[in-house]
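Asks: Mind looking over this structure? Questions follow.
The values are calculated or read from the model by the stated rules, or taken from the named source; none is laboratory data. Everything quoted here is computed from the prediction, not taken from an experiment. Cβ coordinates were reconstructed from backbone atoms using ideal geometry, including for glycine residues, and neighbour counts include every protein chain displayed.
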Amino acid sequence: MRKIRVLVVDDSVFIRRNLSRILETVSNLEVIGTATNGEEAIQQTKLLRPDVITMDVVMPVMDGLTALKIIMAEMPTPVVMLSSITQRGAQETLEALSLGAVDFITKPSGSISLDISTIRTEILGKVKTAYTSKVKIASQVDVTQKKFRDIIESLSGNKIEPVSAATRKVDPRRGRSIIAIATSTGGPAALQILLPALPLDLKAGIVIVQHIAKGFTAPLADRLDSLSQIKVRQAKAGDIITPGVALISPSDVHITVVPSNGGYKVQLKTEPSDSLHRPSADVLFNSLAKFCAGQTCAVILTGMGNDGAAGMRAIYDGGGWTIAQDEASSVIYGMPKQAVEKGGVQVSLPLQQIAANIVKSAT
C-alpha cells in the first residue's frame with residue numbers, strides 16, 4: 001500500500017523530531033522532509049510534493065499563515081495546522097481554516113513540547129483524514145459580500161432538482177422556522193460561505209453543531225458574525241430561536257431544541273455522555289424531530305463520520321426539509337454521504353447553492 005508522504009514544518013527542532021517520530025510509528029505514513037519556517041515549507045512543497053503538510057502557525061522568517069496562503073494558491077496541498085489555545089491562537093487558526101487548511105491540532109498546555117504524546121492519536125487521525133480531503137474550499141472562501149448577494153440573486157429563481165436516494169415529495173416552501181446545520185472537518189470554511197449568503201430578513205432561526213476543539217466556538221461565532229448579514233453568536237442555555245439569528249453550540253456540550261412559550265429555545269447539556277461527538281448533530285436533530293420536525297430545515301455539510309445521519313432521517317420522516325452538501329464541494333464527504341445513504345436527504349447541493357434553498361424553505 002502506498003504510504004502517505006508528510007512534510008513537517010516547525011521552527012522547533014524538538015517538535016520536528018517528535019512529530020516525525022510519531023508519524024513514522026504508523027506503517028502507511030512517511031515523513032519525507034522537514035522545514036523550519038514558511039519559506040522553507042514553500043520550497044520543500046515545490047520540491048517534494050507531499051501528500052500532507054503539518055505546519056506551525058508562529059515561525060520566524062515567514063509565518064505559517066503566509067506560507068499557507070502561497071501553498072494553497074500555487075500548489076494546493078492538504079495542511080494540518082498546529083496552534084496554541086489562546087485568543088490570538090484561535091483567531092490565527094480560524095484564519096488558517098479560511099485560507100484552506102483542512103484541520104488543526106491544538107498544542108497541549110500551550111506548548112506542544114510539554115507532552116506531545118498526549119495528542120498522538122489526534123495527530124495520526126487528522127493527518128490521515130487530511131490525506132482523504134479535497135482542498136477546493138480555499139479558493140471559494142475569498143468571496144466578497146457583493147458576490148454573496150449576486151449568488152443569491154442568480155439562484156433565487158432557479159429550480160433545484162434533488163440528487164439523492166430520497167423520493168418522498170415534500171414542499172420546500174413551507175415557512176420553516178428553524179434551520180439546523182451540522183458540520184465537522186471543513187466546516188468553519190464552509191460556514192464562511194453559507195452564512196454570509198443568508199439575507200438579513202431570513203424568516204427562520206438557525207442552530208449549528210460544529211465539531212471543533214474547546215475554546216474555538218466563540219471566536220468562530222465572532223468571525224462569522226463579522227462576515228454575515230444575520231447575527232451569529234455562541235449559544236447560551238435558554239436562548240430563544242429567533243429569525244435572523246444563528247446560535248453555535250459551545251464545544252463539549254450538546255445542544256437541543258425544546259418548546260417554550262409558543263416558540264422554541266435551546267438547552268445545553270452534557271448527556272448523553274457516551275456520544276462520540278459533543279456536541280452531536282444526532283442529539284440536536286433528534287430533539288427537532290421530536291418536537292418540530294415539520295418546521296425544520298436540516299442541513300449536513302462537510303465532515304468526517306456519520307454524525308447527523310440518523311437524526312436527519314428522523315426529521316425527514318417527520319416532514320422536515322433536508323439538505324446535504326454534495327460530494328464535489330465537500331472537503332470530506334463523510335457526514336453528507338452517510339445521511340444520503342440513510343435515506344433522509346431530499347436534495348444534495350453544491351455548497352454555494354445551499355443558502356438559496358434554505359431561503360426557499362423558510363419562505
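Asks: So which of R313, R278 ends up being under 18 Å from I208 (Cβ atoms), crowded, with 20+ Cβ neighbours inside 10 Å and either without any contact (Cβ under 8 Å) to a residue 60 or more places away in the chain or acidic (D, E) (or both)?
Replies: The conditions single out R278.
Asks: Out of segment 336-345, which residues are touching a helix residue (DSSP H, G or I) at 6+ places or on another chain (Cβ under 7 Å) and either closer than 22 Å to V102 by Cα or surrounded by fewer than 24 Cβ atoms within 10 Å (Cβ to Cβ) (or both)? It would help to see each step written out before you state the result.
Replies: Going residue by residue through segment 336-345, those that are touching a helix residue (DSSP H, G or I) at 6+ places or on another chain (Cβ under 7 Å) are 338-339, 342-345.
Q338, A339, K342, G343, listed by residue number.
Asks: Here is a follow-up. Checking the conditions here, which among D307, D317, D326 is charged (D, E, K, R), within 18 Å of I179 (Cβ to Cβ) and in the same structural domain as A293 (by TED's automatic domain parsing)?
Replies: D307
Asks: Among what's in segment 284-305 and is in a helix (DSSP H, G or I) and among the polar types (S, T, N, Q), pick the residue that is farthest from S133 (Cα to Cα).
Replies: Out of the qualifying residues, it is Q295.
Asks: Still on this structure, please answer the following. So, in segment 227-244, of the ones that are polar (S, T, N, Q) and not in a strand (DSSP E or B), which residue ends up surrounded by the most Cβ atoms within 10 Å (Cβ to Cβ)?
Replies: The selected residue is S228.
Asks: Please go through segment 191-210 and give me each residue that is under 13 Å from I248 (Cβ atoms) and in a helix (DSSP H, G or I), ordered by number.
Replies: Keep residues of segment 191-210 that are under 13 Å from I248 (Cβ atoms), which gives 191-192, 194-195, 205-210.
Residues satisfying the conditions are L191, Q192, L194, L195.
Asks: I would also like to ask the following. Does segment 173-184 include one or more residues that are more than 14 Å from the chain's Cα centre (by Cα) and within 29 Å of R88 (Cβ to Cβ)?
Replies: No; the residues of segment 173-184 include none that is more than 14 Å from the chain's Cα centre (by Cα) and within 29 Å of R88 (Cβ to Cβ).
Asks: Now for a separate question. Give G64, G89 a once-over and let me know the one that is more than 19 Å from the chain's Cα centre (by Cα) and surrounded by 19 or more Cβ atoms within 10 Å (Cβ to Cβ).
Replies: Numbers: G89 fails: more than 19 Å from the chain's Cα centre (by Cα).
Selected residue: G64, the only one of G64, G89 that is more than 19 Å from the chain's Cα centre (by Cα) and surrounded by 19 or more Cβ atoms within 10 Å (Cβ to Cβ).
Asks: Look through segment 245-275, keep the residues that are assigned to a strand (DSSP E or B) and under 16 Å from the mean Cα position of the chain (by Cα), and return whichever of them is surrounded by the fewest Cβ atoms within 10 Å (Cβ to Cβ).
Replies: Going through the qualifying residues, I end up with L247.
Asks: How many residues are closer than 26 Å to A328 by Cβ and in contact with a helix residue (DSSP H, G or I) (Cβ under 8 Å, 6 or more places away or on another chain) if we restrict to segment 265-283? Reasoning before the result, please.
Replies: Of all residues in segment 265-283, those closer than 26 Å to A328 by Cβ come to 277, 281-282.
Okay, now just the ones that are also in contact with a helix residue (DSSP H, G or I) (Cβ under 8 Å, 6 or more places away or on another chain), so 281-282.
Qualifying residue count for the region: 2.
Asks: Please identify the pairs in which a residue from segment 202-226 that is surrounded by fewer than 17 Cβ atoms within 10 Å (Cβ to Cβ) has its Cβ atom under 7 Å from the Cβ atom of a residue that is modelled with pLDDT of 95 or more and in a loop (DSSP other than H, G, I, E, B), counting only partners at least 6 apart or on another chain.
Replies: K203/P243
Asks: Taking segment 13-56 on its own, how many of its residues are small (G, A, S) and either surrounded by fewer than 16 Cβ atoms within 10 Å (Cβ to Cβ) or under 14 Å from P78 (Cβ atoms) (or both)?
Replies: Matching residues across segment 13-56 total 2.
Asks: Under the condition of being out of contact with any strand residue (DSSP E or B) (no Cβ under 7 Å at 6 or more places or on another chain) and either among the polar types (S, T, N, Q) or part of a helix (DSSP H, G or I) (or both), which residue from segment 326-345 is farthest from S184 (Cα to Cα)?
Replies: Initially, segment 326-345 is screened for residues out of contact with any strand residue (DSSP E or B) (no Cβ under 7 Å at 6 or more places or on another chain), giving 328-331, 333, 337-338, 341-343.
Remaining after also requiring either among the polar types (S, T, N, Q) or part of a helix (DSSP H, G or I) (or both): 329-330, 337-338, 341.
Details: S329: 14, S330: 11, K337: 13, Q338: 13, E341: 18 Å.
If we take residues in segment 326-345 being out of contact with any strand residue (DSSP E or B) (no Cβ under 7 Å at 6 or more places or on another chain) and either among the polar types (S, T, N, Q) or part of a helix (DSSP H, G or I) (or both), then E341 is farthest from S184 (Cα to Cα).
Asks: Got a number for residues in segment 290-310 being buried (at least 24 other Cβ atoms within 10 Å of the Cβ) and of a type outside the set (S, T, N, Q)?
Replies: To start, the set of residues in segment 290-310 that are buried (at least 24 other Cβ atoms within 10 Å of the Cβ) comprises 296-303, 307-309.
From what's left, of a type outside the set (S, T, N, Q): 297-301, 303, 307-309.
Number satisfying all stated conditions: 9.
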